[in-house]
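Novice: First, the structure itself, so that you have it in front of you.
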Amino acid sequence: MTASGNEMGKGHAVLNFPNPSRIHDASRHCVCFWGYDNAREIAFLVDDAMLTKLNPDTGSDESALLAVFDRNRDRILGMARNLYKGGPQNRYSISID
């Protein structure tokens, strides 16, 4: 058996996004989505300000923010892959800060 990704503490983390689901969390002012490192689920939160930065002409309601996420999905997933380093952390925030 060979190790890949971050198995056995070697190599880099491999993050996949097989589930296209995303939700807007109004109480946290973000869109949440999930990635997977092998069987481990990792939550990502993209704050509303970041989504507005990606598309300044958007509204601030749930449907508008989800539409911005969908239009920028590949870019956002790239940001998530760059942010994720493996290890015990299971939630990451993508923000303009």
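The values are calculated or read from the model by the stated rules, or taken from the named source; none is laboratory data. Because the structure is predicted, anything quoted here is derived from the model rather than measured. Positions of Cβ are backbone-derived with ideal geometry, glycine not excepted, and every protein chain shown enters the neighbour counts.
Novice: Could you run through segment 66-97 and say how many residues are hydrophobic (A, V, I, L, M, F, W, C) and either surrounded by fewer than 11 Cβ atoms within 10 Å (Cβ to Cβ) or at pLDDT below 95 (or both)?
Specialist: Matching residues across segment 66-97 total 1.
Novice: Where the second residue is assigned to a loop (DSSP other than H, G, I, E, B) and buried (at least 16 other Cβ atoms within 10 Å of the Cβ) and the first is aromatic (Phe, Trp, Tyr) and lies in segment 69-97, which pairs have Cβ atoms under 6 Å and are six or more apart or on separate chains?
Specialist: From segment 69-97, the pairs are Tyr84/Ala13; Tyr84/Leu15.
Novice: Of everything in segment 45-65 that's among the aliphatic types (A, V, I, L, M) and out of contact with any helix residue (DSSP H, G or I) (no Cβ under 7 Å at 6 or more places or on another chain), which residue is surrounded by the most Cβ atoms within 10 Å (Cβ to Cβ)?
Specialist: Here the answer is Met50.
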